[in-house]
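The values are calculated or read from the model by the stated rules, or taken from the named source; none is laboratory data. This structure is a prediction, so every number in the text was calculated from the model and none was measured. Counting neighbours? That spans all protein chains shown, and the Cβs are built from the backbone with ideal geometry, glycine included.
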């Protein structure tokens, strides 16, 4: 993609889940000056399959930024095959979590280096370098955190809930096992402190952005940050582009709308990018101190994703200027 | 393959390396009465690649007996792909040890179950069952034993020597790291004690059969066994069908011939099956107390392999009868 419009020159931190965040980054990354974009990625949907450490959101971000990702599915590697998984099935192993053959290499590499004592942050940096990713990709934490979903049918790991059971069970509550012992991975707090803009990707607020905010130290870093926090809504007209965010909002007693996001992100949020179809919420959001930008936020193409990223960064910049005026 | 000739009804134990042993078993296994064949497999060329426990000889035997093996290469799974290995190369990993995608499933399964506390013998039995292998396949030991090859270029693991360096370096000595702490895996000693015939497959005496014999307790069990030990020569006219056995014999000061096998297996050997082209050695072998059978031992087909297996079992039976007469 040729970049004609001026690059964003400030330091930007994006808090990211998987597919929605990857879509945003596919548009945003090429518009950033080199070395200015840091992505802090949810690792609470990490899990172990066949003895391998799988970090689905980190992988989705790396595969997308390296151009390897499957553009239709959103996860995995384009054109990947599933011969190993088929053979694991022959050994009687569970194969509901789809791991492609090339994808397996990512998990083999990660697992071996973790076992040899490297941190998830170090391994992720090695993988990003090997794949030619120039964006700085940081896992939220090196310590294992696992989203646990209590459903009508019982306790589920996040991947059991989402992939195996296809998010069909009613959600009663969500918790993050291991969160108290977790610490932000190396670079996370500094990146937040030094950022000129902080963007919450259009990811699920409970199971993607939520775990990142729950890592002890990250919410405090965001509160202390100089930069405004701008979120991009994962909802369009009360429905998520992908995933069960609306049902999770309802389970928390929140009607799925941009107002729910302002409620969930509460003290952190300065700005919100919503879909034009949701612009009616702008007045109520602004009454709560949340500045609003609206445009067509369905990211059908990298160009549309770039427009959404631009809108978020413009909103952040205007909030910065406003703060400057208030301070001055 | 239809079985017209009478089945072998006695209990047979085969000591096995990889490809040569697998060829023999492909012919022999269908001629055995159910539950009568036990294979004790070398595990000293096991190694760890990409964090996975790989047991090349066990795999070759399992893949061959389940009909999965690649008939041309002799190792790996027929029609396997190498997508994961290619992707590991992209991460900068060594990829000289060829691991196919379906083959990876075998190592993933093994590694996970070993980590969860199962023995190699238990995992091998689970894999044999999953692949429909009815022959009893026992690793020589559950403890790790590693063949170390001292070459003109330095110390090599067996796979480094054989696969990475293609056995081009001169061999100075061979040792089995971990051998003192090794014990025969469950069932090995009992199978030897109860056997009616014990066959050494046409495998390398130094790096395939040698490590099995070096496991403390196995040589003693063979000496105490009721059954005669019959070896099938891995040499034809002084050259191995595959691999560096002849050069290893020379490195040990032994001209490569059936006489060298009688020397190496010494006190254990009662009979030797040699190629017709080596029948001139028969008199000298018999003078050393080793009975000889000769036929075309190049196992071009399962039918030829069956003939070689038959010859070994007939020789063992005639030795048993002779012992019976001597005892009576």
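Any chance you could count how many residues in the range A:64-75 are away from chain B (no Cβ under 11 Å), buried (at least 22 other Cβ atoms within 10 Å of the Cβ) and either over 21 Å from residue A:40 (Cα atoms) or touching a strand residue (DSSP E or B) at 6+ places or on another chain (Cβ under 8 Å) (or both)?
First, pick out the residues of the range A:64-75 that are away from chain B (no Cβ under 11 Å): A:64-65, A:67, A:69-75.
Add one more test, that the residue is buried (at least 22 other Cβ atoms within 10 Å of the Cβ), and what stays is A:64-65, A:69.
After this cut, where a residue has to be either over 21 Å from residue A:40 (Cα atoms) or touching a strand residue (DSSP E or B) at 6+ places or on another chain (Cβ under 8 Å) (or both) as well, the list is A:65, A:69.
The total comes to 2.
Just to be sure before I move on: is residue B:227 part of a loop (DSSP other than H, G, I, E, B), in contact (Cβ under 8 Å) with a residue 12 or more places away in the chain and more than 18 Å from the chain's Cα centre (by Cα) in the structure I sent? Before the answer, list the steps.
Working: part of a loop (DSSP other than H, G, I, E, B): yes; in contact (Cβ under 8 Å) with a residue 12 or more places away in the chain: yes; more than 18 Å from the chain's Cα centre (by Cα): yes.
When the stated conditions are applied, residue B:227 passes them.
Does the range A:80-93 include one or more residues that are within 19 Å of residue A:208 (Cα to Cα) and surrounded by fewer than 23 Cβ atoms within 10 Å (Cβ to Cβ)?
Within the range A:80-93 (the criterion being within 19 Å of residue A:208 (Cα to Cα) and surrounded by fewer than 23 Cβ atoms within 10 Å (Cβ to Cβ)), the answer is no, since none of the residues qualifies.
When you check residue B:152 against the structure, is it in contact (Cβ under 8 Å) with a residue 60 or more places away in the chain and either more than 20 Å from residue B:66 (Cα to Cα) or more than 9 Å from chain A (Cβ to nearest Cβ) (or both), yes or no? Please lay out each step first, then the result.
Numbers: in contact (Cβ under 8 Å) with a residue 60 or more places away in the chain: no; either more than 20 Å from residue B:66 (Cα to Cα) or more than 9 Å from chain A (Cβ to nearest Cβ) (or both): yes.
Here the answer is no, as residue B:152 does not meet what is asked.
Please determine whether any residue of the range A:126-134 is closer than 25 Å to residue A:241 by Cβ and either modelled with pLDDT under 95 or in a loop (DSSP other than H, G, I, E, B) (or both).
Initially, the range A:126-134 is screened for residues closer than 25 Å to residue A:241 by Cβ, giving A:133.
Those still in the list that are either modelled with pLDDT under 95 or in a loop (DSSP other than H, G, I, E, B) (or both) too: A:133.
Within the range A:126-134, one or more residues are closer than 25 Å to residue A:241 by Cβ and either modelled with pLDDT under 95 or in a loop (DSSP other than H, G, I, E, B) (or both).
For the range A:247-256, name all the residues that are surrounded by 19 or more Cβ atoms within 10 Å (Cβ to Cβ) and either within 17 Å of the chain's Cα centre (by Cα) or over 30 Å from residue A:322 (Cα atoms) (or both).
To start, the set of residues in the range A:247-256 that are surrounded by 19 or more Cβ atoms within 10 Å (Cβ to Cβ) comprises A:248-249, A:256.
If the condition is that a residue be surrounded by 19 or more Cβ atoms within 10 Å (Cβ to Cβ) and either within 17 Å of the chain's Cα centre (by Cα) or over 30 Å from residue A:322 (Cα atoms) (or both), then A:248, A:249 are the ones that fit.
Return the total of residues in the range A:87-119 being more than 25 Å from the chain's Cα centre (by Cα), more than 7 Å from chain B (Cβ to nearest Cβ) and part of a helix (DSSP H, G or I).
1
Go through the range B:47-63 and give me each residue that's surrounded by fewer than 23 Cβ atoms within 10 Å (Cβ to Cβ) and farther than 12 Å from residue B:103 by Cβ.
Result: B:47, B:48, B:51, B:53.
For the list (1) in contact (Cβ under 8 Å) with a residue 60 or more places away in the chain; (2) within 20 Å of the chain's Cα centre (by Cα); (3) part of a helix (DSSP H, G or I), I need the number of the one condition that residue A:317 fails.
It is condition (2) that residue A:317 fails.
I need a count of the residues in the range A:31-58 that are assigned to a helix (DSSP H, G or I), under 10 Å from the mean Cα position of the chain (by Cα) and closer than 20 Å to residue A:115 by Cβ. If you could, list the steps in order and put the result at the bottom.
Our first condition is that a residue be assigned to a helix (DSSP H, G or I); within the range A:31-58, this holds for A:31, A:56-58.
In the following step, the residues that additionally are under 10 Å from the mean Cα position of the chain (by Cα) were identified as A:57-58.
Still in the list and also closer than 20 Å to residue A:115 by Cβ: A:58.
Looking only at that region, the number is 1.
Write out, first by first residue and then by second, each pair whose Cβ atoms fall under 8 Å of each other, whose residues are 6+ apart or on separate chains, and whose first residue, in the range B:37-60, is closer than 29 Å to residue B:10 by Cα while the second is part of a strand (DSSP E or B) and at pLDDT below 95.
B:60/B:69
Here is a yes/no grid of residues against (1) surrounded by fewer than 17 Cβ atoms within 10 Å (Cβ to Cβ); (2) in contact with a strand residue (DSSP E or B) (Cβ under 7 Å, 6 or more places away or on another chain):
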site: B:113; (1), (2): no, no
site: B:117; (1), (2): yes, no
site: B:134; (1), (2): yes, no
site: B:149; (1), (2): no, yes
site: B:153; (1), (2): yes, no
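Testing residue A:129 on (1) within 14 Å of chain B (Cβ to nearest Cβ); (2) in contact (Cβ under 8 Å) with a residue 60 or more places away in the chain; (3) surrounded by fewer than 17 Cβ atoms within 10 Å (Cβ to Cβ); (4) more than 15 Å from residue A:47 (Cα to Cα), one condition comes back false. Which one is that?
Just one mismatch for residue A:129, condition (2).
With over 30 Å from residue A:187 (Cβ atoms) and either surrounded by fewer than 19 Cβ atoms within 10 Å (Cβ to Cβ) or at pLDDT 95 or above (or both) as the only criterion, which of A:272, A:261, A:235 stands out?
Selected residue: A:235, the only one of A:272, A:261, A:235 that is over 30 Å from residue A:187 (Cβ atoms) and either surrounded by fewer than 19 Cβ atoms within 10 Å (Cβ to Cβ) or at pLDDT 95 or above (or both).
Using beta carbons and a limit of 8 Å, which pairs, at least six apart or on different chains, have the first residue in the range B:66-77 and touching a residue at least 60 places away in the same chain (Cβ under 8 Å) and the second one in a loop (DSSP other than H, G, I, E, B)?
As it stands, the answer is B:66/B:131; B:66/B:132; B:66/B:133; B:68/B:78; B:68/B:131; B:74/B:18; B:74/B:242, since those pairs meet every condition given.
If the requirement is being more than 14 Å from every other protein chain (Cβ to nearest Cβ), part of a strand (DSSP E or B) and closer than 29 Å to residue A:226 by Cβ, which of these qualifies: A:15, A:28, A:24? Write out each step before concluding.
Numbers: A:28 fails: part of a strand (DSSP E or B); A:24 fails: part of a strand (DSSP E or B).
Criteria check complete, one pass: A:15.
Taking residue A:302, is it out of contact with any strand residue (DSSP E or B) (no Cβ under 8 Å at 6 or more places or on another chain) and either closer than 24 Å to residue A:187 by Cα or at pLDDT below 95 (or both)?
Spelling it out, residue A:302 is indeed out of contact with any strand residue (DSSP E or B) (no Cβ under 8 Å at 6 or more places or on another chain) and either closer than 24 Å to residue A:187 by Cα or at pLDDT below 95 (or both).
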